Amino acid sequence: MAYITESGKKLITVIPGDGIGAECIDSALKILQAVNAPIEYEVREAGASVFKKGIESGVPQETIESIRKTRVVLKGPLETPVGYGEKSANVTLRKLFETYANVRPVREFPNVPTPYSGRGIDLVVVRENVEDLYAGIEYMQTPGVAQTLKLISRKGCEKIVRFAFELARAEGRKKVHCATKANIMKFAEGMLKRTFEAIAPEYPDIEANHIIIDNCAHQLVKRPEQFEVIVTTNMNGDIISDLTSALVGGLGFAPSANIGNEVAIFEAVHGSAPKYAGKNVINPTAVILSMVMMLRYLDEFEAAATIENALLYTLEEGKVRTGDVVGYDKGAKTTEYTDAIIANLGKKPSTTQVREYRPIKLPQIPPDPVFVKVSQRRVVGVDIFVETDLYPEPLGQALEQLVAESPFQLKMISSRGTKVYPPTGAITDVVDQYRCRFILRDTAGDATDAQILELIGRVGSRFRWAHIEKLQEFDGAMGYTKAQGED
Ligand code: NAP
């Protein structure tokens, strides 16, 4: 998939980025040159300097063109400007090229002391990278009630789950955990769990376990060495992958890859750490190891292993370590550390082993937008979200009167997911936003749009409404959840 130059080398796009980015990328490229890997690169801009030129996305056209051509990016951190109207250039890049898998490996490093030293932590978090709450679809339903949509697709789950199993195979790992909050979000988080359980039998050589995300966080702190690969949704992955970075020595040691079917972007987990910019003191390991991941992605396994071995040897030797490990008053300069790694190319550490990697087989998912096909569907009712200063009882009575002559009846009203009408005896606080659930009186019926619009008209004649949801059944299965306390 790589772009091959006239001299037969693989071409990549390099984005130095902001703050400490240039120093980290310089270090990585110097090592790349020393190992003589058949890689050429073209340097392109993104981030703060681009925002300053007034390009709102933070990613100029020349950079997009370069990535379209090379398909492989090594990038430094990009600052997310604090200010109205500017978007995160990182998120723009990930979304523009649908890099759906965020891969964050962590392993114990020799001579990088942590409370977990000696436990042999060696795991990878595979985070879904484009769906979930990070789609950023948000609304104020009333002046005091906010809503964020969490959209998770079966197609997205299938891609990330297959990717996680393929990664386990490529890295010779034997176990994959799927971490979700499916016990609470049965549809959205449950989609990942169900997909995982459906696909796992296709990988009989790999042990598959589901774990609830909060217990996963607990287990990661208690016994992190039990995990090999953890596949999870975007928000869960964001949180636990920062947790796992901290287990092995912090952000200076945390590499990552954003992988899609067309484009892959390799970068450290850390940001631009502006206070260290230009001081030649930061730890470039995370970017160097991101480059190592990139070399494996480009099938340059030997160069990757040579660099990883030299880095581990340098740490094991313990003579040259950066300030984040030994204190900034005693730490080596970034350039000294880089030179030490270069001097150690060809050497192997004695206490730590580099894994045997094989090329990863990226999952091929049909592009068809209709991923799950059903033969029957039915609309059994509608939820109308209204804004009112009434308490539940008078609201319920008013709505019952309004729909007395309609094909729908009021089934219940809930406040932030808990049923408050008809009264349940529960002591529930309420706000000025209610979900009012109407269902067809004819329990075998299929509500038409005309019936629903007529219902909205009735409710809207008395109450301000902000949002509606159809209550649907697909092949007889309920496509909506019940409120807490609803029967
Ligand atoms: P950060 O840049 O990651 O820095 C946080 C702290 O982590 C630093 O102060 C330092 O800790 C430590 N650190 C990070 N990288 C290090 C390295 N290579 N060597 C040694 N120590 C390192 O996080 P931030 O300050 O929250 O974010 C700064 C900017 O970066 C923001 O504009 C943010 O949006 C952006 N950002 C970009 C990306 C990306 O491009 N992927 C990711 C995250 C953040 P001590 O202070 O303890 O020494």
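Nothing in this text is a laboratory measurement; each read-out follows from the coordinates by a stated rule. Given the structure is predicted, the values throughout are model-derived calculations rather than measurements. When we count neighbours, we look across all protein chains shown, and the Cβ atoms used for this are built from the backbone with ideal geometry, even at glycine.
Of note:
- Residue in the stretch 66-89 that is more than 11 Å from the ligand (Cβ to nearest atom), in contact with an Asp or Glu (Cβ under 8 Å, 6 or more places away or on another chain) and assigned to a helix (DSSP H, G or I) present: yes
- In a residue-by-residue description of the stretch 174-188, the property of being within 16 Å of the ligand (Cβ to nearest atom), in a strand (DSSP E or B) and touching a residue at least 60 places away in the same chain (Cβ under 8 Å) applies to no position.
- Unique residue being of a type outside the set (Lys, Arg), touching a helix residue (DSSP H, G or I) at 6+ places or on another chain (Cβ under 7 Å) and buried (at least 20 other Cβ atoms within 10 Å of the Cβ) when the list is 81, 110, 77, 60: 77
- Condition met for residue 34 (in contact (Cβ under 8 Å) with a residue 24 or more places away in the chain and surrounded by fewer than 23 Cβ atoms within 10 Å (Cβ to Cβ)): yes
- A single member of 144, 156, 120 is in contact with a strand residue (DSSP E or B) (Cβ under 9 Å, 6 or more places away or on another chain) and at positive phi, and it is 120.
- If the condition is being in a loop (DSSP other than H, G, I, E, B) and surrounded by fewer than 16 Cβ atoms within 10 Å (Cβ to Cβ), then the stretch 1-27 contributes 1, 5, 6, 7, 8, 9.
- Residues in the stretch 152-173 that are of a type in the set (A, V, I, L, M, F, W, C) and either touching a Lys or Arg at 6+ places or on another chain (Cβ under 9 Å) or part of a strand (DSSP E or B) (or both): 157, 160, 167, 168, 170.
- Only residues that are under 23 Å from residue 69 (Cα atoms) and either surrounded by fewer than 24 Cβ atoms within 10 Å (Cβ to Cβ) or touching a Phe, Trp or Tyr at 6+ places or on another chain (Cβ under 7 Å) (or both) were counted in the stretch 266-291, giving 2.
- Taken over the stretch 227-239, the criterion of being within 16 Å of the ligand (Cβ to nearest atom) and crowded, with 21+ Cβ neighbours inside 10 Å is satisfied by 234, 237.
- Within the stretch 241-279, considering residues that are closer than 20 Å to residue 152 by Cα and in contact with a strand residue (DSSP E or B) (Cβ under 6 Å, 6 or more places away or on another chain), the one nearest to the ligand (Cβ to nearest atom): 258
- Close Cβ contacts (under 7 Å, 6 or more residues apart or on different chains) running from residues in the stretch 464-483 that are assigned to a strand (DSSP E or B) to residues that are of a type in the set (S, T, N, Q) comprise 466/141; 466/142; 467/141.
- First in the stretch 51-63 and within 14 Å of residue 18 (Cβ to Cβ), second anywhere and surrounded by 12 or more Cβ atoms within 10 Å (Cβ to Cβ) and of a type in the set (Phe, Trp, Tyr), Cβ under 7 Å, 6 or more apart: 58/51
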